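Only one structure is covered here, and it is reproduced in the block below.
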Amino acid sequence: MVLVACLFASIRSFAQSGPPPLPTNTFLQSFRFNTNFQGMHGYLPIAYTNIESEPVWNGDALLIGNANTAPSFLQYHVVETNHYLNLDFSVGSIFFFFAPNWASADSIQNGAGPGARAYFLGAGDWTANSPNGFFGLSADAYGTNLSFWGFSNGVATTYVNAQISWASNAFHYVDCEYSPSNSFLYLDGQLAASGSGVTIVPGTNVWTNGFFIGSDSLGYEQARGAFWWEEIWSQQLGGFLDTNRWNGILSEITNWQSTNGVGFEGMMGGLGLLNPTNCACTNYGTKVYITNTSAMPDANADGGTTFTFTIAGGAAGTNYDVFSTTNIVGNTMTSAAWTWLGQGTNCGAYYLTNQATNQTFYLLGGALASDGSGLTIAYENLIGTTSDTNGTPPAWYLWHGMNPKTTSGIGSQDPDLDGILNYQEYLYGTDPQVSEGFAVWISEPGGTSGIP
C-alpha cells in the first residue's frame, strides 16, 4: 500500500546523480504478456506471483487479481543491469488495453468496483513517510475515476483525472501521457481529460524497487482484470490510437468474445459482493423473490458465512437491489438498519461472503426512482434520501457508507477530517471516508489544481 513520500518543487531538486541517458529511440518497452512475461527487448520481470497468461484474439493477456485475498503482482526493472531504461518518470506515454472483472459502482453499470484502489502501474517509494516520491496510475475503489498522480511526504498531487463507467469483461484502451508541463488521459480513442505537469519524480535511489503492473508492491490493491498489449515511450504520442483504430481493435475483440464466449470472471475471482453464474430461466412473474438459499462457513476460515441464493420471478433483465440487516426493530422493516449489498438480475445465482454468523434478513427491491437520485424505489423507501447534499447524488453517499437521510447537511460534512467537504470529495473523485492528507489542501503546493 502506498503511503507517503516527499514533494520537491521540481525534478531538479534531487541530490542524487542523474538518471542514465535515454536511448535514441523514444520507444522504451512493450509487453505482450507471453508465458514468461518477457518484454519486447528480451528483459524478464524481477518477480511475479499468482498471475496467468491466457491466449486471446491476438497474442496473450495478463490476468491479475485475487480480489485482494492473496498477493498477485508483476514487477519489472525501471533500469536494467545494462542501464537500459524501461520507464521514464518525467516525460512519456503509457498505453494498454484492460478488461476489468468488476463493473463500475455507478447508476449505469450498477457494479461494486474493484473494492480498493486498483493500480494499473505504480513505481517509486512505497514505504511510509519516505522522502523519495511515488508515481502511479490507478482507479478508485468504486471504479468510477481513473487518476494519474504522484505522492510525496504526505502530499498527493493528481495531475489528471477522468471519470469512467466500465462494464465487467469489456476491454478499454487507456493511454496516459505526461511531461513537466502537462498530462493527458486518452480513453477508447478519444482525449478524456487533460491536466497539470509532473512535479513529483521518484528519486533514483528507489528505482531499484522497479515498477508494478496491476497491483501495489505487496501484490494487493489489484487492478483485477485482463491486460493486453502494454507499451511505454519516453515521449508524448498525442494519443496512440484514434477512434477509427480503436474501433477496429474493438471489432476484433467483439468477434473473438462472441465466438469463444470468453469472460474473465471465472479465472480472476468474484465480480464484487455479488457474483452471478449462468443459468437458463423462463420463470418470470410479477413478484420477485429469493430462493435456493444456503449458508456455509467461508472457505478462507475468516469466521464469516457465505450465503448463496437465486433471484427468481420479476421482470427479465431488471436489476434488483439486495439488502441485509441483522436486526428488525419492532417488527417494522423501515426501522431496521439496512445495508445495500449490490444488484443482481432474475434467475441469477449469487453468493455473498463474510456475512454475519448470527441471524440475518435479506430483502429484494427494484425499479429506479424518478427523482434522479440514482437509487431504486425500494432503497428510498427503506433508507430514504434528502436534498441537503449540495448537488451530490444521494447514491454516492450510500456507496461511501453514509446515509443521507440520517445526517443533516451531509454535503458540508467532513467525516475524514482532511479539510475537504463531502460534496468537494465527490467533485474531486476522492473517498470521503479516507483522509487525503490535510497538508495538501491547506498549503496548495506547486502543481496542484486545487479543490473545486
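Round to the nearest 0.05 the FRET efficiency obtained for Leu363 and Asn205 when R0 = 51 Å and r is the Cβ-Cβ distance. For Leu363 and Asn205, the calculated efficiency is 0.40. Packing order of peptides 116-127, 410-421, highest average first: 116-127, 410-421 (average count of other Cβ atoms within 10 Å over each peptide's residues).
Here the dipole of the range 11-268 is about 320 debye; that uses its Cα centre as origin and unit charges on the Cβ of Lys and Arg (positive) and Asp and Glu (negative). In the range 11-268, taking the dipole from charged Cβ atoms about the Cα centre, the farthest positive-side position among Ser53, Pro131, His83 is held by Pro131.
In the frame of its principal axes, the range 11-268 has Cα extents of 55, 39, 38 Å, reported largest first.
Readers should treat all values here as calculations from the given coordinates under stated rules, not as data from a laboratory. This is a predicted model, so every value here is computed, not measured. Positions of Cβ are generated from backbone atoms using ideal geometry, with glycine treated the same way; all protein chains shown enter the neighbour counts.
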